[in-house]
Amino acid sequence: MPMKPRLLLPALFILLPAVLAAEDTDKPEYKHEWRFGLSGYPVLDNLLFGDSIVPDIDHFDTDYIYSDYHGTKKMIGLLSAEYNFNRSRKVTLSVAAHMTGAWYHMYDYTGRRKYTQLGLSFHLIPTVRYNYVVRPAFTFYGSLGFGAIFGLDDGEFAMAPTFQITPMGITFGRKVFGFAETSAGLSYIGGRVGIGYRF
């Protein structure tokens, strides 16, 4: 026997708030985030632009003992700025911009410093983040991103693809928050820490 329309109305009024409430639970508390951080060892920058950040063992050029030579090339970690759009409580779409610098001193054969050579690189990485656990005061997440690196060193321009995998990260705080994550990829290996703001 088909259900009468008048019996459907009470069921509709009971179920509709439940459905709307279920949809609301998937809505993020904040839609947007800005994050600023410092990352670990810049892998691709080191591969593209020469010497390791580990001090050179052989300080002089072996070809010509009286030629100019350079000291140890040094790099900072990646400084990052990141915009996040929280599409839902579980899925976040991001664009991260990283920057790092490198420098070394050039010397003549007497050991007198002649000048300092500087290098700069810029990474742009769109990223998809999945939030494993979402709570008001903290979030556990992982992410995957693909992008490109652009660099200038010794007057030479270089460009290469890059990727970054973050299996585990955590944010702690609400509107103003801190974050820490472990990550591996061509942009950097190691950790990244920083602060952010939600709105």
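The values are calculated or read from the model by the stated rules, or taken from the named source; none is laboratory data. Nothing here was measured: the structure is a model prediction, and the numbers come from that model. No Cβ is skipped: glycine too gets one built from the backbone with ideal geometry, and neighbour counts run over all protein chains shown. Note: areas computed on protein heavy atoms with side chains; ligands, DNA, RNA excluded. Shrake-Rupley method; radii C 1.70, N 1.55, O 1.52, S 1.80 Å.
Can you give the FRET efficiency to the nearest 0.05 for L93 and V43, using r as the Cβ-Cβ distance and R₀ = 22 Å?
Plugging the Cβ-Cβ distance into 1/(1 + (r/R0)^6) gives 0.35.
Which value in Å is the Kirkwood Rh of region 89-199 over different Cα pairs?
16.1 Å
Note down the accessible area of M168, probe 1.4 Å, to the nearest 10 Å².
Near enough 90 Å² of accessible area.
Would you kindly find the accessible area of E29, with a 1.4 Å probe and non-protein molecules such as ligands, DNA and RNA excluded, rounding to the nearest 10 Å²?
Using a 1.4 Å probe on the heavy atoms, I get roughly 110 Å².
Find how much the distance from F163 to I195 grows on full extension, using 0.36 nm per residue of separation minus their present alpha carbon separation; answer in nm with one decimal.
Length difference between fully extended and current span is 9.3 nm.
Report the accessible area of D26, computed with a 1.4 Å probe over the heavy atoms of all protein chains in place, in Å² rounded to the nearest 10.
70 Å²
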